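Have a look at the structure below before the remarks.
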Amino acid sequence: MAFGDDVAQRGWQTGSVVPTAMLSEVAQHLQRPGQQPAEIAEADWLVVVSQTCDVVARQLKQEPWVEVLHCKPQPGKPRKGYRDLESTRYIDFRPNRSTHTDLVLTAHAIDNRYVIPRELLASHTPDPEKALDAVASRRLLGWYSLRAGRPSWPNSFCDRIPRTVREELESALDALSDDIAEVRVQLTPNDKELPDEQPYRVSVFFVVDEEIWKSSADLRQAVHQAYAEFVSVLKTCQGIELD
């Protein structure tokens, strides 16, 4: 049997969680130069964030390492600024709405990310009590994709959104349950620094997972209302025009 087939049969994939029995073997890899190894508490989740195709690559030499993210419980709901992929550094998210209804996890993209030898997966099975659901797995991978592809907002664009308006924009999302919709803002045709007399043209999109969108008419209505309020608030900014 190929190495990757063995790993796949054990159930390893994106979103799998390293079991307690495996922690002693990976401990030496959970540290940065000059720092002590990370302490993984019983309530923490050490989540596989490599793509499944890499986790189950047939030959060990193809992918010698697997990336894992150390996630810690966060009291309450996902926090503003850290939820819905708003930050490229921090993320608050619900790992599995079926098995851990009220649990919120938090992590830092770099400080909490490590690589461990993939060969260790062939000696263990993932934690049977912890695993990301499909939605959380997609969003976590999407979050890392944004880190590589999301440009910084032009300063002249940010200056046109006063702090009070930013607070109103965040408040417009409060009516939505957390982790329901991703807010995406596109600047076209110009995403560079512009003089004050030249407006930014903006398109706003709320992106919702299909399975969530189809689950409830009330939820769809909430998304529509939050979108309308968000756009209405953004329209009050001088020098910003919405498409």
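The values are calculated or read from the model by the stated rules, or taken from the named source; none is laboratory data. Note that the coordinates shown come from a computational prediction; the quantities given were computed from them, not determined experimentally. Ideal geometry is used to build each Cβ from the backbone, glycine not excepted, and the neighbour counts take in all protein chains shown. Remember, those area values only see protein heavy atoms, side chains included, never the ligands or the DNA or RNA. Shrake-Rupley method; radii C 1.70, N 1.55, O 1.52, S 1.80 Å.
When the range 107-133 is limited to residues that are basic (Lys, Arg) and at pLDDT 95 or above, the one that is least open to solvent (accessible area, probe 1.4 Å) turns out to be Arg118. Say whether the condition of being under 15 Å from the mean Cα position of the chain (by Cα), among the hydroxyl-bearing types (Ser, Thr, Tyr) and at pLDDT below 95 is met by at least one residue in the range 89-96. The answer is yes; a qualifying residue exists. Determine, yes or no, whether Val233 is open to solvent by less than 90 Å² (accessible area, probe 1.4 Å) and under 24 Å from the mean Cα position of the chain (by Cα). Judged against the criteria, Val233 is not a match.
Kindly indicate whether any position in the range 155-177 is farther than 16 Å from Gly81 by Cα, open to solvent by 20 Å² or more (accessible area, probe 1.4 Å) and not in a loop (DSSP other than H, G, I, E, B). Within the range 155-177, one or more residues are farther than 16 Å from Gly81 by Cα, open to solvent by 20 Å² or more (accessible area, probe 1.4 Å) and not in a loop (DSSP other than H, G, I, E, B). Scanning the range 35-64 for residues that are of a type in the set (Asp, Glu) and part of a loop (DSSP other than H, G, I, E, B) turns up Glu39, Glu42, Asp44, Glu63.
In this entry, Lys61 passes the filter for residues that are among the basic types (Lys, Arg), out of contact with any Cys (no Cβ under 9 Å at 6 or more places or on another chain) and without any contact (Cβ under 8 Å) to a residue 24 or more places away in the chain.
Of the residues making up the range 188-224, not one is among the aromatic types (Phe, Trp, Tyr) and exposed (fewer than 11 other Cβ atoms within 10 Å of the Cβ).
Among the numbered conditions (1) closer than 26 Å to Ser145 by Cα; (2) open to solvent by 80 Å² or more (accessible area, probe 1.4 Å); (3) of a type outside the set (Asp, Glu); (4) touching a Pro at 6+ places or on another chain (Cβ under 8 Å), the only one that Arg97 does not meet is (4). Taking the range 165-185 as the range and being of a type in the set (S, T, N, Q) and at pLDDT 85 or above as the test, only Ser171 passes.
Here Ile110 clears all of (1) under 15 Å from the mean Cα position of the chain (by Cα); (2) within 17 Å of Arg83 (Cβ to Cβ) except the condition numbered (2).
Scanning the range 1-56 for residues that are of a type in the set (Gly, Ala, Ser) and touching a residue at least 24 places away in the same chain (Cβ under 8 Å) gives Ala2, Gly4, Ala8, Gly11, Gly15, Ser16, Ala21, Ala38, Ala41, Ala43, Ser50.
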